Each structure stands twice: as structure tokens, then as C-alpha cells.
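Everything on this sheet refers to the single structure shown next.
Derivation of every value follows stated rules applied to the coordinates shown; laboratory data play no part. Keep in mind the model is a prediction, meaning the values are calculated, not measured. With ideal geometry, Cβ positions are generated from the backbone for all residues, glycine too; neighbour counts draw on all protein chains shown.
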Amino acid sequence: MRRWSKVVSSLLVVALLAGCGGSASQPGAAGPGDSAAGGATVTESNEVIVDGEVVATKELVAAAEQEGTVTIYTSQAASDEQMVMDAFMKAFPKISVQIVRQGGGKLYEKFATEFRAGQHEADVILFSDLALMEEVVKMGAVAEHIPPSDDKYAPEVKKQGIYYTVTMPTMYFIYNHELIKPEEAPKTWHDLLDPKWKGKIGMTPAGIGGTAWTLAYFHRKELGKEYWEKLAAQEPVQYTGGAGLAESVARGELPIGILPDVTDFQVRVKQGAPITAVFPTEGAPVVLYTIAVAKNAPHPNAARLLMNWYLSPAGQKAIANVRGGYSARDDLPEPEGKPAKSTVKLYVPNTEEIISFHDEWVEEWNQVFNYR
Amino acid sequence: MAALRKLRWTFIIVPLLVVLTFLIVYPVLTLVLGSFRLEPPRGFNLSLEGLTLANYIRVFSHVRNYQALKNTVIAAGLGTLFSVITGSWLAWLTARTNVPFKRLIGLSAIMPLFLSSMVGALAWITLASPNSGLINLLFRDLGLPFRVNIQSMGGVIFIFTLYYTPYVYMFVNSALSLMDPSLEEAARISGASTFRTMQRVTLPLVLPSILASAILVFVFMMEVFAVPSLLAEPAQIPFLASSLYRYLGTVPPDINQASALGMLLLVITTGLVSFQHYVVSRRSYVTVAGKGLKQQIIDLGPFRWPAAFSGLLYIVVAAVLPFFAILINGFRSHMFIPHITRIFENMGTRHLDFVMSYAPARTAIINSLWMGLATALVGGVLYFVVAYVIYRTNLPGRRVLDWISMLPVAIPGLVLGIAYLWAWISLPIGLYGTVWIMVLAYVARLSPQGVRASGTTLVQIHTELEESARICGASPVKTMWRVIVPLAKPGLASSMILLFITSVRELSTSIFLYTPKSVVLSVIMYDMWENGMFGGVSLLALVQTTLLLGVIVVAQRVFGISVRS
């Protein structure tokens, strides 16, 4: 009998703990690395301003607060997205944010399946791959919405009224400056072809995702197919993700890594690993991470408010502080540890080509790099 | 009697079949369907139009897939062989000999279970990556020319052996402990030496456990994706499961090809299960016969110390080294170590601070704990009943039950996760998005382990125990409760603990089914992993392990049994 009472009391303890468990995101819970997002103020013309820019009308905010919660489906790391959302919740404490995170293709699969089955869970969607966002638009799963900051985004970085670029990771390369002296380090894409770097470069295969593919496209389009062949001759080590590659370079496993700038931000800037970043002079291609409101969103007003905020200076500052990528807007200061946008050569690829060339060129890339 | 039999048939077999069909067969069918189509069967889109062999043709015409198959079979084969040797050796040491440090060895034999294969791979990359691995740094700074490289075929086999030995250990240990010692005593009285007894009596009796665990472990190695993804793919060594993972990782994911590849694995498993059936049914392995269960402890004499050393060596390699690597990862700001003597520089609590303030992590820990509990209870009972029907009755349809219960093991977790997503999302019973769908998915996913573990225990209990109870007038239920369950308790408890641990570690099914409210620890860790936050992953791994250890200790106190039995 004593034994059973022990069992019961253990179970009770566990049940109590479960009962006390908090929900996913507490509104107003501040995490480390909190950005400078301020609170919201209302003007006489009934506009709501955050950080110096109009973000919504009073009515929209009231309706959003009435809904009380918003769900964002995102391909960015959940822990990163959480810090950005904490800033949003600081500005709008009455709205709590639920984050559903999944890597690119899997996020698409989840969202598409739910949409087709009529199970609408997502309010806002954020894809790291433009092709996937286009698919979703084609499916008719995106709602129309024009944010107040629409005119700050150039035509190349948006589909007006449909989706907008929320951050612009840039493909460049890094090296470990404890292993390579800055005088000897490569400074351009062509420098990487120097035979002394054979076997010492890490990169990601073109078929893995949007960022790697964009770089492969840029290399071939702007530097010619011979660039692929010469880079392949350097016997680069293929990694399945930029983050793992950044960590490898930080550890000193490989001295050079070709990757998107958002993947080394934490380890280079926040953790102080001995890494130097290089924006090659031929150009650094950017990838557009896009955001949109889902059709039939369960909380349509909160969705629009969140999207507006994300594209405003407050939201852009929040994400720059967490991921360190350039904003698609030209009127904001650059992220920590980055040169001013005007001093580097950023290359925005052609959206149609990026999507239509994908299958054929990735297949050829796999052949050139002997990557099956 | 015939009427009674018919009644039992209806009351036991049919509900079990229905439950297992719902949990396992239906999702698998959507998978099979998906492999013959070019568009995923989302929702109830189960039409048979547009069936095609295109996926299979592509899978079979890709040379890489044959290499992947070859590599996978070789690695799984050798891994199984070494796991069986190591696991059986450790089990024998702890169950039957007077080796010193018995409890420590027993605990460390199951330690690797506490680390998910993802974390284990991370730990070993930290230790043994070719240029910056801690072991290699040590060699380099000592001036020694040796290097180890975990990112190789040998590395994969090594990790396979380390992380699947616990399964063999648990099965064999349980069998050895439950065995009727009078059989061995009889052999020894008749003049057989210790060695001869082992060879002629013990070994054949413990063979079904060894075989069952070997087959289980072989199939696990065939389908695990984290280890080959992290260790073999970077070295351009293709494996089946990691190729599958790549199909799913492309943009957009190539699910239909992935399910075709998954079907290949399914065929292999079915073959293996049938083989195991055939072998086990040839002889009677009954050994628990209701007499006193005092086991003979073999005195190893001077061999005690080398034996203990071998056990301790396993502890160092399976537990101490990886935990050390995880600690270093978790408490250093960054991992660049210029010289091995400077390994403890740059320590800090930034990862700890982050994890403590990350609200979803707290939710995830609580969710993982109680979902693990639910899975252990629901699954434990279900599997026990299923195993009883399969192994202890001759009801018609039990072969089918057995086969269904083994199905999930053939299908890599990721693919199964998608199958569940497809299969259950449109069901009007409101399961989607709740925690219960994940518990059900875990229960389904873990049925091979659960049923096999309970089955192994049950097979050893002699029918005469049940018969004597029945003769004394006990009903079947009472017999089960008063006779079978107490005898099977060690095995049952082990299997429940195993279920708990595995469900807390489980990742591939959770990925597709979780929502913010039902997020679990493994999903949080995986997300951080993909984001390169290895420090945070390591810290959470430490939290996860501590929790699991805590639960085991509590379970041991409360239930009065230990996993070593």
C-alpha cells in the first residue's frame, strides 16, 4: 500500500508541474538581446507609431488586440524568431505570439497540407525560399495586404500587396583569422581559386536551399560556368547547412567557409569567435526572406499588424539585432559588425530566373561538383 | 469451450486489430499510396488515379542509392555484430558474475540511451573531427602522429555500436536474470565445466533474446538518419536514411520519392521479422518455471579485474567522453581551442542564460516529461496485451498483429511523421494539433520495441504457471494479474522505462505534428541545432539527461526494480 501511495504522490507532483506549465510565449517576456523596439504611441489622426514610423491605424490595433493572439509560421530558427517576437510583444503587450518553426520545404509541406485540408492555423508566413513563397501564392493561400511601409521597399524586393522582404541574408565567405593571417587571406571570389586553398574551403550544395542556390546562380550568371569548374577543382567540403559550417570555421576545423552572413552572426559577433567576414568585390548575392499574411487566417487583424510591424524600423531593427542581415530598406542603419550597405556590392538576383533556372542548373551543379 | 473461445476472439483480437490498424496500418497505407503517385496524398485525397511507377524507377536508376544500400547494410551489419558482442558481454557480466562495480557498469550500459543520436553525434564530432577534435588536439599537442576521424565509415560503425548496445544489453540482461538456474545447475552437477555450461545450456536459452535484439538493432541502424547525416554525408559516404532525409530537405521536398525509398526499407524489415519468427518458433525457450529464482553467480577469480576494466572502458567511451564534450560545448563561449591546455579558457554561462530565459524551452521540458509518461503508460499496457496475445495464445489473427506491430520500425521516422500528417490531418475527431496526436504517434512508432520487449519476457514464462492458476479456479484475467504480471514485472518495467526515454528523445515524428503548445524538448534542440547553436543544444542535452536520470532513479525507488533487473 505504501508503494502505491508513493506512485500516486509522484504522479500528482508531475500533474501539478504540468498544470503550472506556462503557455508558449508570455507577452512581455523579454529575452536577452532585446532590441530597441519601443512602445506604441497614438497620434491625433488615429495612427499608431512605433519607433518613429506609422505602423497601423488605431482601429487595426484595437481589432488585433481583440483577437489577442497571432501565429507565425517561419523558417527562421525558432529561438531567433522568439527574440524578434519578444520585441513585438513589448510594443503590443495585449497580443501574444505563437511561433511554429520548420525548415523550408517541411514548412511548406505543413502549411500546404493544412491549407488544402481546410485546417487554418497560420496567420503570418515567413519563408526563407522565394520559390516556396511563389508556390504558396500560386496555390491561392496568401491574402492581399499593403503595409504602411510599402513605398520604402523597392520593386525587386517585393510583390506589391502580396509579399515583402523581411530580411536579406547575403552570401559571402568567412575565414578563421587565427589560422590565416589577414594579409594572406582571400578577398574576392577569384582569390578562392588559388591552389593553396585546395581542400580548405567549406560550402553548401546548390540543391540544399535558397541561399546556396542563389550563390550558385550568381557564380554562373556573373562569373561564368568556368567558375563552377575551377571551384569544384578546389575540392570543397560540402556541408548540409551554413550554421554547421560557421561553427566548423570557428572551431578551426576548416579555415574558410562560403555561407550566408546570418549563419555566422551569432558565433562571430555575439560569441567572439576568431572569424573575419569578407564581402567579395565581384559582388555578394542576397537572398530574399519574404513575409505574407495567410488567406483565411484565424486572426487576420493581428496578422496584418504583425506584418506591418516587422517591416517597420522597429521590426527591422529587432531582426537585425538577432540575425545580423541587411534590411531590404535603404533608409536604416546597418546591423552590428557589418559595413554600410553602400560600401559593399550587393547583387539582387532576378526573381523569374532564380525560380525557372533552378532545376536545370542545380542538376548541372551536382554534375560539376560530383555531388549526387 | 468453443463458444467461450469465440467470445474471447471477438473481445480481444478485434479491438486490438482495430487500434493497431488505426495507429499503424492506415498511415502506412497513405505512405504506400504516396509512393505510387507524383503528388502527395494530402487530406483525404486517397484517389487511385494517376498511379505510376515513376518514383520507383527514379529510385532504382540512381546509382547513388545502390551505394547507399550497400553502405547501410555493411554498417548496420557490423554495427549489430559489435553491439551484440558488447551488449551480451556486459549483460553477462552484470547478471551472472561477481565482477566489481556491477551497478556502475549496469548503469553505464544504458547510459547511451539518454543521449539522442543527434547529441551523441555532436559530442563525437567535438571529440574526433579530423582537424579540431579534442582527442586529435591532444594527440597534436603531445606530438603524437595519431589521428582519429569520426566522419568515416568506421566512425559510423563505432557510433552505431555505442548507441545500440543498450538495447542488446537490456534484452539479454533481462533474459539471463529470469532464467531458471536449475537448468545450469543440473548441467554442472552432471560434470560440465562453467564454459561448457555456458555454451550448451545458457547460450541456447538466451538466444531468442539475442536474436530479437539483434534484429531490432539492425533495423534501427538501417533507418536512423541523424548519425549518417552528420558523420557520413560530409565525407560523401551515402546512406539510405540520410539520402531519404536529403529528398525531404530539397525545396520543394521530394516526398513521393522518399516514400518509394521508404518502401524499400519496409520490404527488408518484413523479411527480417519473418525470419526471426521462423527461428524462434522452432524450439521451446521456456525457462521461467516457477521455482526459486536464485541465480548462480560465477566467480571470475583473477579475471574479475580485466573484466571490470572492460566494463569501465565502455563507461569512459560511452558516457564520460561524450558528456565531457557536451559540457565543454555548453559552457564555452566559442569552440576555438588554440592549444589543448587552453581548453578551459573562454568559459561562460551565455548558453545557460539563454536557455533559462527561453520560455518555449520551459514549456518543452514539461511537455516532454508528461508526454513521456503518457506514452509509457498507454503504450506499456497496450504492448503487453498485444504481446500476450501474440506469444501466449493461439488466437487466429495473432500473426497479423505481430506483423502490424513491427511495421513502424522499417519506416524512417521522418517519413512516418509525414505519413501521420497526411493520414490524420483530415480526421474529424479533432486530434490534429493536440498533444494526444503526438502521444498516439509515439505509441505507434515505438510498438516494435514495446511488443518485442514484452514478448521476450513473456516467452520465458512457463505455461504451467498459468495452468496451475487456472486449475485452482482463477479466471484468465486473474491469472494474468496475479501470476503473469508479477513475473513479467521486471521486463514490463524495463519496457516502460525504455518507452519513456525513447519518447522524450523522439524527434522525427514530433517535427511534423507539434504546435507551439505541444512543443517538445527534442524539437527545440533540433531547431537550435539547425541554427548552429551547439552551445544551447549541449546545455539542453544536459538538462534532458538529468531529467531522464532523475526519472529512472525515482522509478527504481518507487517500483523497487532496476532496469538491470
When chain A is treated as a Gaussian network with springs between alpha carbons less than 10 Å apart, the largest mean-square fluctuation among A:A292, A:A62, A:A320 is found at A:A62
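Please report the net charge: other residues with Cβ closer than 11 Å to the Cβ of A:K152, K and R +1, D and E -1.
Result for the local shell: -3.
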The alpha-carbon center of the range A:160-203 and that of the range B:367-385 are separated, in whole Å, by 49
Per the helix-only model, chain A has a calculated mean residue ellipticity at 222 nm (DSSP H runs of ≥4, -39500 (n - 2.57) each, divided over all residues, rounded to the nearest 500) of -11000 deg cm²/dmol
Counting only DSSP beta bridges with both partners in the protein assembly as shown, the antiparallel fraction in percent, to the nearest 5, comes to 65
Cβ-Cβ cut-off under 12 Å around A:A206, Lys and Arg +1, Asp and Glu -1: the net charge is -3
Between the alpha carbon centres of the range A:43-95 and the range B:332-363 the gap in Å comes to 32
In the structure shown, of A:K152/A:K317; A:K159/A:K338; A:K90/A:K159; A:K138/A:K345; A:K90/A:K317, the pairs separated by more than 22 angstrom at the C-alpha atoms are A:K159/A:K338; A:K90/A:K159; A:K138/A:K345
CD proxy, 222 nm, chain B: helix-only mean residue ellipticity via -39,500 (n - 2.57) per DSSP H run with n ≥ 4, per residue, nearest 500, stands at -21500 deg cm²/dmol
Any trypsin sites (Lys or Arg not before Pro) in the range B:54-153 that lie in a DSSP loop and have at most 14 other Cβ atoms within 10 Å would be B:R147
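Roughly what % antiparallel, to the nearest 5, for the DSSP beta bridges in chain A?
Counting DSSP beta bridges with both partners in chain A, the antiparallel share is about 65 percent.
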Shielding of B:355-364 by other chains, given as the mean Cβ count within 10 Å, works out to 5
Straight-line reach check, B:K489, cutoff 20 Å on alpha carbons, 8 or more apart in-chain or any other chain, hits among lysines -> A:K6, B:K291, B:K294, B:K478
Relative contact order of the range A:229-342 (C-alpha contacts under 8 Å, at least 6 apart) in percent is 18
Chain A, Gaussian network, Cα under 10 Å: of A:R116, A:R268, A:R323, the residue fluctuating most is A:R116
Footprinting proxy, B:I12, B:I326, B:I297, B:I159: sorted fewest to most Cβ within 10 Å, the residues are B:I297, B:I12, B:I326, B:I159
Computed over chain B, the relative contact order (Cα-Cα under 8 Å, seq sep at least six) in percent reads 22
The rounded separation in angstrom of the Cα centers of the range A:331-369 and the range A:237-259 is 19
Going fewest to most other Cβ atoms within 10 Å around each Cβ, B:V317, B:V355 line up as B:V317, B:V355
The long-range amide H neighbours of A:A56, using H built 1.01 Å from N in the peptide plane and a cut-off of under 5 Å, are A:V48
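Fewest Cβ neighbours within 10 Å first, please rank B:M406, B:M525 accordingly.
Ranked by crowding around the Cβ, least crowded first: B:M406, B:M525.
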